[in-house]
Amino acid sequence: MARPREHDERTAAALLHAAERIAETEGLEALTVRRVAATAGTTTRAVYSLFTSKEGLVVALGARGFDILREGLTSLPATADPAADLVEAGVTVFRRFALEHPALYRISVQRLVPDPGLAVGFRPSAQDALAELTALMEHLHLAGLAGERSVRDAVIAFHALCEGLATLELRSALPADRAERLWRDALASLVRGFRAD
């Protein structure tokens, strides 16, 4: 009979939550295996068993960021207006993710990690999230609202605008009382512009 796993998904989730809190309040340089384990109320053995190392923990944080984005995009209700759906994806999924999980945003989207090679570890999660955004853009294309540009080019432009807006807002460079409206106006203008040849 196989031994039951000592450390389960709940432990992994608690460790990731603790690691995200530390990264958010003190930066990635404050992240240590011992500190994460203590914050989560478990042992360093749990961290090594589930993530193998501090670097493995950072990779898991990057993957978690993209998983949140993917989950948000898949749960977004589709309407008969693919242009409005894209704007909603930017505002209610990408913007909310950046504001609610700024440490994960910096790790996963901006790849601000100690070793750039760590980003390879969360690439599969990034591709899954990108596939969901691509599906939304394909709806726009099928509706004849993307002009002559390819779906891939439109996805790149949309992502770039979302990342730029999120970075500005996290730096407090957008007026707080008008930030959401600025996001909606910018994204709607971009999507409308896709129609122009």
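The values are calculated or read from the model by the stated rules, or taken from the named source; none is laboratory data. Because the structure is predicted, anything quoted here is derived from the model rather than measured. Glycine also receives a Cβ, built like all others from the backbone with ideal geometry; neighbour counts cover every protein chain displayed. Only protein heavy atoms, including side chains, enter the accessible area calculation; ligands, DNA and RNA are left aside. Shrake-Rupley method; radii C 1.70, N 1.55, O 1.52, S 1.80 Å.
Laid out as a table, the results:
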| quantity | calculated |
| --- | --- |
| Selection count where residues are touching a helix residue (DSSP H, G or I) at 6+ places or on another chain (Cβ under 8 Å) and open to solvent by 30 Å² or more (accessible area, probe 1.4 Å), scope the stretch 17-26 | 4 |
| Subset of the stretch 143-182 that is open to solvent by less than 40 Å² (accessible area, probe 1.4 Å) and in contact with an Asp or Glu (Cβ under 8 Å, 6 or more places away or on another chain) - its residue that is farthest from ARG111 (Cα to Cα) | GLY147 |
| Close pairs from the stretch 128-147: first at positive phi, partner open to solvent by 40 Å² or more (accessible area, probe 1.4 Å), Cβ under 6 Å, at least 6 apart | GLY147/ARG195; GLY147/ALA196; GLY147/ASP197 |
| Residue match in the stretch 102-115 (condition: free of Cβ contacts under 8 Å to residues at least 40 places away in the same chain and either polar (S, T, N, Q) or in contact with a helix residue (DSSP H, G or I) (Cβ under 6 Å, 6 or more places away or on another chain) (or both)) | no |
| Failed criterion for GLU132 (all others in (1) surrounded by fewer than 16 Cβ atoms within 10 Å (Cβ to Cβ); (2) charged (D, E, K, R); (3) in a helix (DSSP H, G or I) hold) | (1) |
| Check on THR74, more than 18 Å from LEU104 (Cβ to Cβ) and at pLDDT 95 or above | no |
| Some residue of the stretch 52-60 being open to solvent by 30 Å² or more (accessible area, probe 1.4 Å), of a type in the set (Lys, Arg), touching a residue at least 40 places away in the same chain (Cβ under 8 Å) and assigned to a helix (DSSP H, G or I) | no |
| Long-range neighbours under 8 Å by Cβ, at least six apart or interchain, first residue at pLDDT 95 or above within the stretch 26-47, second hydroxyl-bearing (Ser, Thr, Tyr) and open to solvent by 60 Å² or more (accessible area, probe 1.4 Å) | VAL33/TYR48; ALA37/THR43 |
| Residue identified as farther than 25 Å from ARG21 by Cβ and among the aromatic types (Phe, Trp, Tyr) among PHE158, PHE94 | PHE158 |
| Single condition LEU190 does not satisfy, out of (1) closer than 12 Å to GLY90 by Cβ; (2) within 16 Å of the chain's Cα centre (by Cα); (3) hydrophobic (A, V, I, L, M, F, W, C) | (2) |
| The stretch 94-129 - residue that is in a helix (DSSP H, G or I) and polar (S, T, N, Q) and, of those, surrounded by the most Cβ atoms within 10 Å (Cβ to Cβ) | SER108 |
| Restricting the stretch 27-42 to residues that are in a helix (DSSP H, G or I), among the aliphatic types (A, V, I, L, M) and surrounded by 16 or more Cβ atoms within 10 Å (Cβ to Cβ), the residue that is nearest to the chain's Cα centre (by Cα) | LEU28 |
| Total residues in the stretch 148-163, condition touching a helix residue (DSSP H, G or I) at 6+ places or on another chain (Cβ under 9 Å), small (Gly, Ala, Ser) and free of Cβ contacts under 8 Å to residues at least 40 places away in the same chain | 2 |
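Let's see how each residue does on (1) within 18 Å of the chain's Cα centre (by Cα); (2) open to solvent by 30 Å² or more (accessible area, probe 1.4 Å):
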{"site": "THR44", "(1), (2)": "no, yes"}
{"site": "VAL47", "(1), (2)": "no, no"}
{"site": "ALA63", "(1), (2)": "yes, no"}
{"site": "LEU69", "(1), (2)": "yes, no"}
{"site": "THR79", "(1), (2)": "no, yes"}
{"site": "LEU86", "(1), (2)": "yes, no"}
